[in-house]
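A.B. asks: Here it is: the structure, laid out below.
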Amino acid sequence: MNAPVERPYQRRNPGGGADALGQSSIFLEFQERLSRVAPVNRPVLLLGERGTGKELAANRLHYLSKRWQGPFLTLNCSALSASVIESELFGHEKGAFTGAAQRRVGRFEAADGGTLFLDEIGNVPLEVQEKILRVVEYYTFERVGSSESVDVDVRIIAATNADVNDLIARNLFKSDLLDRLSFEVLVLPPLRKRGEDILLLANYFAGRMAVELEWRDIPHFTPEAISALESHDWPGNVRELKNVVERAVYRSQSMTISEIVFDPFSSPFQSKTADPGAASASPAEILVETGDLLARPLKEAVWILKVKMLEAALERAKFNQKKAARLLGLTYHQFRGLYRQYREKMTID
């Protein structure tokens with residue numbers, strides 16, 4: 001009788017995540033490159049900032065490949081010790097270490113015939129990188145606690161947000177392994193470079209959140225909220241946008257979303273110490289003479305108002321943009337977005 005084997009991994013469902021959304025040229029160019037390499041049975045390395053959708057891209061690579069009927073498994077390698085990663089990847093035999101009550105199949109073995117996605121591979125310890133390199137080269141490995149070779153047919157997709165060249169220079173990553181993994185290198189574009197996709201994604205997340213809340217109608221954003229979303233720098237990329245939009249929908253008391261909170265960690269009870277070098281004034285107090293705005297078309301009046309407010313805030317803050325942002329009640333990233341948008345129309349610089 002064969003010894004019991006633990007198989008803790010399940011095959012991924014292709015419908016388990018939302019389809020990638022975007023219509024910007026930089027996003028479409030990335031998707032075109034991804035689609036071109038997907039059918040090629042070689043490793044792919046995904047580079048990108050946190051929240052850009054590296055696992056979603058890996059999933060798409062798998063389901064556009066000839067292996068789409070096989071398993072798609074993942075392992076997030078961040079913050080795992082060498083022994084844990086080794087056991088997760090290659091499995092172990094019964095009694096290999098304390099607590100190993102039975103043989104356990106690792107992800108390489110469970111992904112046979114399919115794809116294994118190694119997220120944050122830059123965090124894998126060097127001793128485990130050696131074993132991964134052998135699998136990539138020879139498609140064979142040994143379970144922890146065994147000398148018996150296991151043959152597998154697995155395509156590896158790896159991802160990291162680290163600077164791989166810096167890791168190699170600091171002897172934290174094997175150059176041989178990087179060479180084997182980078183048949184093709186795809187760099188995911190950050191959200192701040194995707195322009196028109198921001199509102200598209202925001203509307204998508206807002207609609208999905210409304211459905212989850214069982215609302216009958218789909219909420220919409222005010223022009224001010226749209227401006228805030230489009231001028232934000234999005235350091236957390238699509239994941240941050242999703243959280244910001246879902247939070248705004250959930251907190252909204254109507255179908256019109258006007259309040260956008262980018263920093264949910266700011267405390268309303270924290271005492272604010274005045275900056276002795278900053279001018280103290282409300283946005284209304286720094287408004288200068290703008291002429292008869294009511295006699296102008298709305299879009300033109302709003303445009304003039306924004307330009308004059310930016311100019312007045314900069315002059316009052318002695319051209320310190322962070323102080324000017326505070327005077328206008330904006331974050332620095334919001335101010336920078338508006339400044340870039342209206343800089344050519346301003347009479348000061």
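A.B. asks: Does the stretch 227-236 contain any residue that is without any contact (Cβ under 8 Å) to a residue 40 or more places away in the chain and over 19 Å from R336 (Cα atoms)?
C.D. replies: no
A.B. asks: Among the residues of the stretch 321-349, which ones are part of a loop (DSSP other than H, G, I, E, B) and touching a residue at least 40 places away in the same chain (Cβ under 8 Å)?
C.D. replies: Passing the criteria: L328, G329, T331.
A.B. asks: Could you count how many residues in the stretch 207-251 are among the polar types (S, T, N, Q) and within 21 Å of K54 (Cα to Cα)?
C.D. replies: 2
A.B. asks: So, in the stretch 98-115, of the ones that are modelled with pLDDT of 90 or more and in contact with a helix residue (DSSP H, G or I) (Cβ under 6 Å, 6 or more places away or on another chain), which residue ends up nearest to L56 (Cα to Cα)?
C.D. replies: Looking at residues that are modelled with pLDDT of 90 or more and in contact with a helix residue (DSSP H, G or I) (Cβ under 6 Å, 6 or more places away or on another chain), I get T115.
A.B. asks: Do we have A228 as modelled with pLDDT of 95 or more, buried (at least 19 other Cβ atoms within 10 Å of the Cβ) and assigned to a helix (DSSP H, G or I) here?
C.D. replies: no
A.B. asks: Is there a residue being of a type in the set (V, I, T) and in contact with a His (Cβ under 7 Å, 6 or more places away or on another chain) anywhere in the stretch 139-162?
C.D. replies: Looking for residues that are of a type in the set (V, I, T) and in contact with a His (Cβ under 7 Å, 6 or more places away or on another chain), one finds at least one in the stretch 139-162, hence yes.
The values are calculated or read from the model by the stated rules, or taken from the named source; none is laboratory data. This one's a predicted model, so the numbers in the text were calculated from it and none came from an experiment. All Cβ positions, glycine included, derive from the backbone under ideal geometry; neighbour counts span all protein chains shown.
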